[in-house]
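Participant: So that we are looking at the same thing, I have put the structure below in structure tokens.
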């Protein structure tokens, strides 16, 4: 199987099929990250589509020496997500009744304590813990995706772990 | 560095592993256009702006009386302007 970097290089050389393969290899991890971050299925789907649309436009900007394809795509996705969430907040403050009711895809019964705990984390800490744990990304990559210094990644991860453990304290005792 | 952080947190790891994500099938095949998304947005349920009023008896009564009161005020204003 070709690596993401090989596929990206092929796409940059004009191989359109490589883009489809790249999409097939990366849409699942990107969707998982976005869904765990927002808890909203439709929003996550839209951002995945927008991310790859933007990748089609900006694929020549990718430089393999600056980072991996995965972190490049996550970076685009995260920026789009934050822009969308900020825009939504603005709309909500101007026209509270025009904003659609959020249909969170976790059902109340099935919602695990860990999902609630992650949702309660401040956005800044949530991004770090999701990328570090579920996507096994290195600090450098996380720093690039979130556009923060590496030192901040470390401190946010530490704070997030502390907070998660506090939130899940009861579940720890139950085990 | 990050791996070391996680190694210490076995219980937390077990908890985090429970959070699985189901990937929607339509993501692999379906590509919604911006226009489709806009239509979905327009068609999605929105909050009732008068919900707080209509949920209480007093508020509901006020909502019914308000058009009448406005009509009366407009009529009086017109009557006053004609009288001048």
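The values are calculated or read from the model by the stated rules, or taken from the named source; none is laboratory data. Since this is a predicted model, take the numbers as computed values, not measurements. Note: ideal-geometry Cβ built from the backbone for every residue, glycine included; neighbour counts use all protein chains shown.
Participant: Identify the single condition in (1) surrounded by 20 or more Cβ atoms within 10 Å (Cβ to Cβ); (2) not in a helix (DSSP H, G or I) that residue A:66 does not satisfy, given that it satisfies every other one.
Facilitator: Looking at each condition in turn, residue A:66 falls short on (1).
Participant: With the structure loaded, tell me whether residue B:67 is farther than 30 Å from residue A:163 by Cα, modelled with pLDDT of 85 or more, more than 7 Å from chain A (Cβ to nearest Cβ) and out of contact with any strand residue (DSSP E or B) (no Cβ under 6 Å at 6 or more places or on another chain) or whether it fails that test.
Facilitator: In short, yes.
Participant: So residue A:48 fits all but one of (1) more than 10 Å from every other protein chain (Cβ to nearest Cβ); (2) surrounded by 20 or more Cβ atoms within 10 Å (Cβ to Cβ); (3) in contact with a helix residue (DSSP H, G or I) (Cβ under 6 Å, 6 or more places away or on another chain); what number is the exception?
Facilitator: (1)
Participant: Pairs needed: first member in the stretch A:141-157, free of Cβ contacts under 8 Å to residues at least 24 places away in the same chain; second member anywhere, surrounded by fewer than 17 Cβ atoms within 10 Å (Cβ to Cβ); C-beta distance under 7 Å; at least 6 residues apart or different chains.
Facilitator: A:143/A:149; A:143/A:150; A:150/A:140
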